[in-house]
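S.K.: Mind having a look at this structure? Questions to follow.
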Amino acid sequence: MNETYDVVVVGAGTAGSYAAYLMARQGLKVALVERKRAEEVFKVTGDAIGEHHIKRLEASGLSINNKVFMIRYSGAELYSPDLSVRYFVAGRGYGLDIGEWAQWLISEANNSGVDVLDRHTVTVPILEGGFVKGVKANRGDGTQVELRAKVTVDASGATGVVRTKLPPQYRISEPLLPEDASYAYREVIEVDYAIANPQNIRIYLSNVISPGGYWWFFPKSDKTVNIGLGIWGKLVKETGLNPRSNYDKYLAKSEHARGRRVLHAGGGIVPTRRPLPSLVGPGIVAVGDAAVTVNPVHGGGIGPALLSSELASKAIIEALERGDVSERGLWRYNTDYLRAYGIKQAQLDVFRLMLQTLSDDQLNRGLRARILTEEEVLEISEKGDLNLSGLRKLTIALRLLKVPDVARKLSLALRYMNEVKGIYLNYPQDPGNLDNWLVSLVAKYNEYRLKLKLPPQSI
C-alpha cells in the first residue's frame, strides 16, 4: 500500500507536531507518522520552557491550551558540588505537563488537516535518484506501507531514525556520538513536604552524582517535582556508568525525594553538541532532537525544537513553491537556523566541553571565587558569548587570578568560542563549499580539544 503527500513528518513529538501543523496550515498535504499510539506520545524531559519560546509560539497564531502549564518559573538556582555556593540566574519560564503538551500539539496538527498516522514504525527512507522520496513503515497490524513525499522531515528524536540511515556522503547523516550526548534518567514524583520556592528550578553540579553533567530539581507544584540527572555519554561508554543506577543511589532516597510517590519515570539520550554540518539533504530536513538542536550546556530542547520546526517549515514551503527540494533548494534552513540559534549553540558547545573537564574541586573554587557573575552566566547562556571590552575585561582578569587553573580553562573556552563563531559566520551559502568549510571547523575544534586533553574527532 502506498500513500503520497507533499510532506511526511516522522515523529509526533514537539518538533514534528509543530512542523506538521505549520505546513498543513499553509495548504500542504502532510502526514505525521508516529510509532506509538497518538494518545501515548510522551517525551521524557525536564518539562521546562522559557517564556520567550511561548511568546514566539503564540505569535505563530496558536492559541495555547492553559492545561499544558503547571507552574511559572522566575529563574534558576545553580549550586556548587559542595553546596557552599548558590547562584541565582533570573529568567521567566514555565513547567509543562508534558503529556498535555504533546496531546495539544498533536490535536492542533490534526485540526489543521494533518493525517496523523500513529502505530507506524518507520524502518528506512525511500532513496531514489539521490533524493529521499519518503519512508517505509510497518503498521500496527503488521502490514507494510510506503509513505511517499516530496519532502521528508526527520523529527524522530535523538536517534534520528531517518537521517542516520542515509549514506555518509549526505552530511545530514552525521551520527550522534556518545561524547556529544548526555544519558539521562528522571522521575516526576509527589513528595510529603512543601517545596520551598517552587518558582525556581534548581541545578546541582556534581561529578559524583552526575559525572560530566548535572542533576536537577524542577518543581511542578509545591508538592510535585521533576527530579533527575544526566551523565556525560563519554563516561557512560568508557566506564559503564548508568543514570538510573546513580539516581537510585543518590537521589531516590535523598531528602529531596522524601515521601516519594512516583507519578512517571523514564530516561533517554539528550544531544549536547554543535549543530550538524547540514540540517538538509535532497528531499529531507531534520528538526528538534533529530537535528541535535538541544542547548549543549543546560540541555533545554523544547524551545529549540519549536524554533527549528518553524524555520524548516518556511524553507520547505518556499522550496515546494519553487519546485526545488534539492539540498540547494532547502539550504535556506541551514543559514536561517545558524543565524537564529545555531551559532550560539556551537559556542555553547565549546563552553560545554570545558565544563566537562573540570573537577568538583575546580568547580567549587571557581564558583566560590565568582570568576563569572550571575549576570555573566546569563549572558553566556542567552548569547553564547561574553563581551570582554573595557572595565569588564579588567575585573574578570582580577577574579581569574584567584583560581589560575580554572582561569586558564575558562580563558581558553572564551577564546575558542569567539574563534568558532568566526568560522560559523562564514558558513557556506550553498552546498558546494560545505566540505571545505567542515574541514576548517573540525580542525579548530580538534585544536581546542587537544588543549583540553580530549581526543580529536574525525570528519
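The values are calculated or read from the model by the stated rules, or taken from the named source; none is laboratory data. Everything quoted here is computed from the prediction, not taken from an experiment. Here the Cβ is made from the backbone with ideal geometry for all residues, glycine too, and neighbour counts use every protein chain on show.
S.K.: Say whether the condition of being on the phi > 0 side of the Ramachandran plot and not aliphatic (A, V, I, L, M) is met by at least one residue in region 233-247.
M.R.: yes
S.K.: Now a separate question. Please give the number of the condition GLY300 fails out of (1) in the same structural domain as ALA155 (by TED's automatic domain parsing); (2) modelled with pLDDT of 95 or more; (3) assigned to a loop (DSSP other than H, G, I, E, B).
M.R.: The single condition GLY300 does not satisfy is (2).
Condition check ((1) over 27 Å from LEU311 (Cβ atoms); (2) more than 22 Å from the chain's Cα centre (by Cα); (3) not aromatic (Phe, Trp, Tyr)) across all residues:
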| site | (1), (2), (3) |
| --- | --- |
| GLU51 | no, no, yes |
| SER60 | no, no, yes |
| PRO81 | yes, yes, yes |
| TRP101 | no, no, no |
| TRP104 | no, no, no |
| GLY129 | no, yes, yes |
| ALA137 | no, yes, yes |
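S.K.: Is it the case that some residue within region 364-376 is touching a strand residue (DSSP E or B) at 6+ places or on another chain (Cβ under 6 Å), over 19 Å from THR164 (Cβ atoms) and either assigned by TED's automatic domain parsing to the domain that holds VAL151 or in a loop (DSSP other than H, G, I, E, B) (or both)?
M.R.: no
S.K.: What single numbered condition from (1) surrounded by fewer than 16 Cβ atoms within 10 Å (Cβ to Cβ); (2) in the same structural domain as ARG139 (by TED's automatic domain parsing) fails to hold for LYS43?
M.R.: (1)
S.K.: Does LEU311 fit the bill of being touching an Asp or Glu at 6+ places or on another chain (Cβ under 7 Å), farther than 24 Å from ARG415 by Cβ, assigned by TED's automatic domain parsing to the domain that holds TYR170 and assigned to a helix (DSSP H, G or I)?
M.R.: yes
S.K.: Here's a follow-up. I'd like the full set of residues that are loosely packed, with under 15 Cβ neighbours inside 10 Å and either within 19 Å of LEU348 (Cβ to Cβ) or in contact (Cβ under 8 Å) with a residue 40 or more places away in the chain (or both), limited to region 399-410.
M.R.: Passing the criteria: only ASP405.
S.K.: In addition: As an exercise: evaluate ALA24 against (1) closer than 18 Å to ASP289 by Cβ; (2) at pLDDT 95 or above; (3) surrounded by 24 or more Cβ atoms within 10 Å (Cβ to Cβ) and give the number of the one condition it does not meet.
M.R.: (1)
S.K.: Does any residue of region 249-263 turn out to be of a type in the set (A, V, I, L, M, F, W, C) and either under 30 Å from ASN334 (Cβ atoms) or in the same structural domain as GLY11 (by TED's automatic domain parsing) (or both)?
M.R.: no
The rows are residues; the columns are (1) at pLDDT below 90; (2) over 28 Å from SER206 (Cα atoms); (3) out of contact with any Ser or Thr (no Cβ under 7 Å at 6 or more places or on another chain); (4) basic (Lys, Arg).
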site	(1), (2), (3), (4)
GLU34	no, yes, yes, no
VAL44	yes, no, yes, no
ASP47	no, no, yes, no
GLY50	no, no, yes, no
PHE69	no, yes, yes, no
GLY75	no, no, yes, no
LEU78	no, no, yes, no
VAL85	no, no, yes, no
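S.K.: Looking only at strands (runs of 3 or more DSSP E) that fall completely inside region 174-253, which ones have 2 or more residues that are surrounded by fewer than 23 Cβ atoms within 10 Å (Cβ to Cβ) and touching a strand residue (DSSP E or B) at 6+ places or on another chain (Cβ under 7 Å)?
M.R.: Output list reads 181-190, 200-204.
S.K.: Whether any residue in region 315-331 is crowded, with 23+ Cβ neighbours inside 10 Å and over 30 Å from LEU127 (Cα atoms) is what I want to check.
M.R.: No - not one qualifying residue is present in region 315-331.
S.K.: Quick test of your reading of the structure: ARG25 fulfils all but one of (1) at positive phi; (2) touching a Ser or Thr at 6+ places or on another chain (Cβ under 6 Å). Name the failing condition by number.
M.R.: It fails just one condition, (1).
S.K.: Follow-up. Within region 254-275, which residues are hydrophobic (A, V, I, L, M, F, W, C), in contact with a helix residue (DSSP H, G or I) (Cβ under 8 Å, 6 or more places away or on another chain) and not in a helix (DSSP H, G or I)? Steps first, answer last, please.
M.R.: Start the filter on region 254-275 by keeping residues that are hydrophobic (A, V, I, L, M, F, W, C), which leaves 257, 262-263, 265, 269-270.
Next cut, in contact with a helix residue (DSSP H, G or I) (Cβ under 8 Å, 6 or more places away or on another chain) only: 257, 269-270.
Matches in region 254-275: ILE269, VAL270.
S.K.: Only one of these is over 14 Å from the mean Cα position of the chain (by Cα), at pLDDT below 95 and charged (D, E, K, R): ARG368, ARG261. Name it.
M.R.: So the residue among ARG368, ARG261 that is over 14 Å from the mean Cα position of the chain (by Cα), at pLDDT below 95 and charged (D, E, K, R) is ARG368.
S.K.: Let me ask another. Give region 375-390 a look and list any residue that's surrounded by 16 or more Cβ atoms within 10 Å (Cβ to Cβ) and out of contact with any Leu (no Cβ under 8 Å at 6 or more places or on another chain), or say none.
M.R.: LEU378, ASP385
S.K.: Looking at GLY366 and the list (1) under 18 Å from VAL89 (Cβ atoms); (2) surrounded by fewer than 21 Cβ atoms within 10 Å (Cβ to Cβ), which single condition is not satisfied?
M.R.: Status for GLY366: all satisfied but (2).
S.K.: Restricting region 419-459 to residues that are among the charged types (D, E, K, R) and over 21 Å from PRO168 (Cα atoms), which is surrounded by the most Cβ atoms within 10 Å (Cβ to Cβ)?
M.R.: ARG449
S.K.: Of the conditions (1) at pLDDT 95 or above; (2) assigned by TED's automatic domain parsing to the domain that holds ALA312; (3) surrounded by fewer than 21 Cβ atoms within 10 Å (Cβ to Cβ); (4) of a type outside the set (A, V, I, L, M, F, W, C), GLY16 fails just one. Which one is it?
M.R.: Checking GLY16 against (1) at pLDDT 95 or above; (2) assigned by TED's automatic domain parsing to the domain that holds ALA312; (3) surrounded by fewer than 21 Cβ atoms within 10 Å (Cβ to Cβ); (4) of a type outside the set (A, V, I, L, M, F, W, C), the one that fails is (3).
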